[in-house]
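Written out below as structure tokens is the structure these notes cover.
The values are calculated or read from the model by the stated rules, or taken from the named source; none is laboratory data. Note that the structure is a prediction, hence the values are computed from the model and not measured. When we count neighbours, we look across all protein chains shown, and the Cβ atoms used for this are built from the backbone with ideal geometry, even at glycine.
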Amino acid sequence: MIVTTADKPSQKALATAKRLAEELSAKYVVRGRQTLRQLAEKMEPIRMVVVTEKEVRFYDGQTESPLYFHPSMAFVRVKRLRRGETDPLVELTGCEPGDRIIDCTAGLAADSLVLSYAAGESGAVTSIESEPILCAVVREGLAGYQSGLPDVDAAMRRIDMKCVNHADYLAGLPDNSVDIVYFDPMFRRPIHESNALEPLRNLANDSALTQEAVQQAIRVARKTVVMKEHRESGEFSRLGFERRHVNTSKIAYGVIEVARSIK
């Protein structure tokens, strides 16, 4: 894999590219006058991180679109919260200002953003992503994306991205040390109509959620442990979650009320 920049990069973009190359154990390549297609022709398979002035993009040659951070529907959901409306995830997790939250499967951090906004300035969201490239792309996006709304941007900046296995991370936490633990693993039964997730599917960790990880989550959470899955998934019963449907959506949430789980 290589890391490069857009043509005529700023000093900031150059520094970011060199830092990411070191972090990802990749080769930094000076862009010069080469097009991305010319760079790609020299690689097999194609794996390339490109730092532009606005974002970091990852190309893997398997999809037409690169992977990059964008808030997408999370931005719409946060704007609803700004208007005083509700969000299913916020309601089901019981998230409120000041809560400490762990998003164990961050992906593009859409749900992390919603929870960060709901938890407010006094809250904290730690987003776990086990895949280094995905973690780097999203982390850089959260640090630099400009939504045009200062409070939404502040919610992005408050998210703490960590590249680690969520089970290992949870195992190292004290009992009752956070309020909410959230899981959004790659669905066992994918919803293929979601085209926006296609670049993500080729990169994200598709391992099934384990019972051990759920038990660790119950141990460290004070309020709730929540999982998102396909509404027809058998993961809810396998892992001990109470299934909660959301309107006519194809997704559902599983909820474990920790207060009722502690004996």
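Quick one: which of 86, 52 is within 30 Å of residue 253 (Cβ to Cβ), among the hydroxyl-bearing types (Ser, Thr, Tyr) and either assigned by TED's automatic domain parsing to the domain that holds residue 108 or without any contact (Cβ under 8 Å) to a residue 60 or more places away in the chain (or both)? Talk me through it step by step, then tell me what you get.
Details: 52 fails: within 30 Å of residue 253 (Cβ to Cβ).
Result of the check over 86, 52: 86.
Which residue out of 110, 106, 118, 155 is of a type in the set (A, V, I, L, M) and more than 22 Å from residue 249 (Cβ to Cβ)? Reasoning before the result, please.
Values: 110 fails: more than 22 Å from residue 249 (Cβ to Cβ); 106 fails: more than 22 Å from residue 249 (Cβ to Cβ); 118 fails: more than 22 Å from residue 249 (Cβ to Cβ).
Only one candidate qualifies: 155.
Does segment 157-184 hold any residues that are in contact with a helix residue (DSSP H, G or I) (Cβ under 7 Å, 6 or more places away or on another chain) and either in a helix (DSSP H, G or I) or of a type in the set (Val, Ile, Thr) (or both), and which are they?
157, 159, 166, 167, 170, 171, 178, 180, 181
Suppose we filter segment 1-39 for residues that are small (Gly, Ala, Ser) and on the phi > 0 side of the Ramachandran plot; how many remain? Please lay out each step first, then the result.
The initial filter retains those residues of segment 1-39 that are small (Gly, Ala, Ser), namely 6, 10, 13, 15, 17, 21, 25-26, 32.
Going one step further and asking which of them are on the phi > 0 side of the Ramachandran plot, we end up with 25, 32.
Number of matching residues: 2.
Does residue 154 meet the test of being among the small types (Gly, Ala, Ser), closer than 24 Å to residue 236 by Cα, surrounded by fewer than 15 Cβ atoms within 10 Å (Cβ to Cβ) and assigned by TED's automatic domain parsing to the domain that holds residue 115? Before you say what the answer is, go through the steps one by one.
Details: among the small types (Gly, Ala, Ser): yes; closer than 24 Å to residue 236 by Cα: no; surrounded by fewer than 15 Cβ atoms within 10 Å (Cβ to Cβ): yes; assigned by TED's automatic domain parsing to the domain that holds residue 115: yes.
So residue 154 fails the test.
Which of the helices (runs of 4 or more DSSP H) found entirely inside segment 202-263 contain at least 3 residues meeting this: under 24 Å from residue 134 (Cα atoms) and at pLDDT 95 or above? So that I can check it myself, show each step before the final result.
Working: elements: 211-220, 235-239, 258-261.
In segment 202-263, the matching helices (runs of 4 or more DSSP H) lie at 211-220.
Collect the residues in segment 124-156 that are at negative phi, outside any helix (DSSP H, G or I) and without any contact (Cβ under 8 Å) to a residue 12 or more places away in the chain, keeping them in residue-number order. Spell out the reasoning first.
To start, the set of residues in segment 124-156 that are at negative phi comprises 124-147, 149-156.
Next cut, outside any helix (DSSP H, G or I) only: 124-131, 145-147, 149.
Passing the criteria: only 146.
Quick one: in segment 14-57, of everything that is crowded, with 19+ Cβ neighbours inside 10 Å and small (Gly, Ala, Ser), which residue is modelled with the lowest pLDDT?
It comes out as 26.
Restricting to segment 86-107, what's the tally of residues that are under 16 Å from the mean Cα position of the chain (by Cα), crowded, with 23+ Cβ neighbours inside 10 Å and not in a loop (DSSP other than H, G, I, E, B)?
Residues in segment 86-107 being under 16 Å from the mean Cα position of the chain (by Cα), crowded, with 23+ Cβ neighbours inside 10 Å and not in a loop (DSSP other than H, G, I, E, B): 3 in total.
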